[in-house]
Amino acid sequence: MLIEPLPQHRLDERRLFNFLARELPGFTEPAQVRQFQGGQSNPTYLVASGERRWVLRKKPPGKLLPSAHQVEREFRVQQALAGSAVPVPTMWLLCEDEAVIGSAFYVMDHVEGRVLTDTRLTALDPAERRPIYDALATTLAALHRVDVRAAGLEDFGKAENYVGRQIDRWTKQYLAAKTDDVPAMDRLMAWLPEHAPERDETTIVHGDFRLGNMIYAPDRPQVAAVLDWELATLGHPLSDLAYAALPYHLPPGGPLPGLRDVDPRTLGLPTEAEFLETYAKAAGRAEVEDWPFFLALSLFRLAGITQGVYARALAGNAADRGAMIMGEVAKGAALIGWEIAGGARRAG
């Protein structure tokens, strides 16, 4: 959905258009800027010039949490994946000169297609639904099979102890954005370090790999582009897989509606076990190990992310009008994560 840029996200269009006229092939005036509504992090805009369409992503205004909103990294990883089996938009330019619009930003091609945010896919015919989830799983597997060194991303993150660093990162960022006491979050912060798997793996990880961050082709169940690479790094592939599978554990309704307590087969969707099997086969894995741990970790991360969104909303800097309800999402994610960690809820 496109809207007029929110007051806190308005750009100096004159400076921007002068810059794009110099640096972006095909850009001419008159031009128009609209904002995509729905993202919770880096403000994202559609730039239209004649028949051409581009997407601009920038850092949000205000004080930012440590290591967050690094649009430079988003640009780099998508540029590195060009030509791989992972579909990404064409990257055109990265501007790190804050004098242009007040923060760093990058410009990429606009990809036509469908963004399917309803995890039940109720707008689609039941026969179309499972192939959408299958494409999600196989696209994630394709990302995890990318040769890190060949892609020039061997320095894109640390190659060891990703799980431990994730626990530490989201603990610190949650505490930095904390507004209320959440006992389940406190329990997860203590439980996760004590139950981390001994076996380590390293691939490129997206960090926010989910249905709503895919653009599907207009006429077939194929991922045309993977978006929102802000959290991408080198890390454990099963952390990505668990995040993609979170809808199976989130309740229906609310800002992040899921499939909890629903039989996916009645909707024409794969079960969680079938989703994992599709991924494992495409990724060349014999099995998916330590699944409860990775689910609990992903719910912990979700709580940390949404708490940060809520804190920005309280400060007036959120990218989306619905950000104020994210405090309740953070509490709910922590509670479900603790249910899985404590064995009260089945995983897989």
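Structure summary
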read-out: Given (1) surrounded by fewer than 21 Cβ atoms within 10 Å (Cβ to Cβ); (2) free of Cβ contacts under 8 Å to residues at least 60 places away in the same chain, index of the condition Lys58 fails; value: (1)
read-out: Extreme residue, modelled with the lowest pLDDT, among residues of the range 34-43 that are part of a strand (DSSP E or B) and either buried (at least 19 other Cβ atoms within 10 Å of the Cβ) or aromatic (Phe, Trp, Tyr) (or both); value: Phe36
read-out: Residue under evaluation Leu121, criteria (1) assigned by TED's automatic domain parsing to the domain that holds Thr266; (2) closer than 28 Å to Leu250 by Cβ; (3) touching a Leu at 6+ places or on another chain (Cβ under 8 Å), criterion not met; value: (1)
read-out: Within the range 267-315, considering residues that are in contact with a Ser or Thr (Cβ under 8 Å, 6 or more places away or on another chain) and of a type in the set (Ser, Thr, Tyr), the one surrounded by the fewest Cβ atoms within 10 Å (Cβ to Cβ); value: Thr278
read-out: Single match in Leu11, Leu20, Leu46, Leu16 (criterion: closer than 18 Å to Gly316 by Cβ and either surrounded by 13 or more Cβ atoms within 10 Å (Cβ to Cβ) or out of contact with any strand residue (DSSP E or B) (no Cβ under 8 Å at 6 or more places or on another chain) (or both)); value: Leu11
read-out: Among the residues listed as Arg220, Arg149, the single one being without any contact (Cβ under 8 Å) to a residue 12 or more places away in the chain and in contact with a helix residue (DSSP H, G or I) (Cβ under 9 Å, 6 or more places away or on another chain); value: Arg220
read-out: Residue under evaluation Ala137, criteria (1) within 22 Å of Trp338 (Cα to Cα); (2) surrounded by 19 or more Cβ atoms within 10 Å (Cβ to Cβ); (3) among the small types (Gly, Ala, Ser), criterion not met; value: (1)
read-out: Breaking point among (1) surrounded by fewer than 18 Cβ atoms within 10 Å (Cβ to Cβ); (2) outside the structural domain of Leu297 (by TED's automatic domain parsing); (3) not in a strand (DSSP E or B), for Gly152; value: (2)
read-out: Complete set of residues in the range 172-207 that are polar (S, T, N, Q) and modelled with pLDDT under 95; value: Gln173, Thr179
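The values are calculated or read from the model by the stated rules, or taken from the named source; none is laboratory data. Values in this document were obtained by computation on a predicted structure and should not be read as measured data. For neighbour counting, all protein chains shown are included, and Cβ atoms are generated from backbone atoms with ideal geometry for every residue, glycine included.
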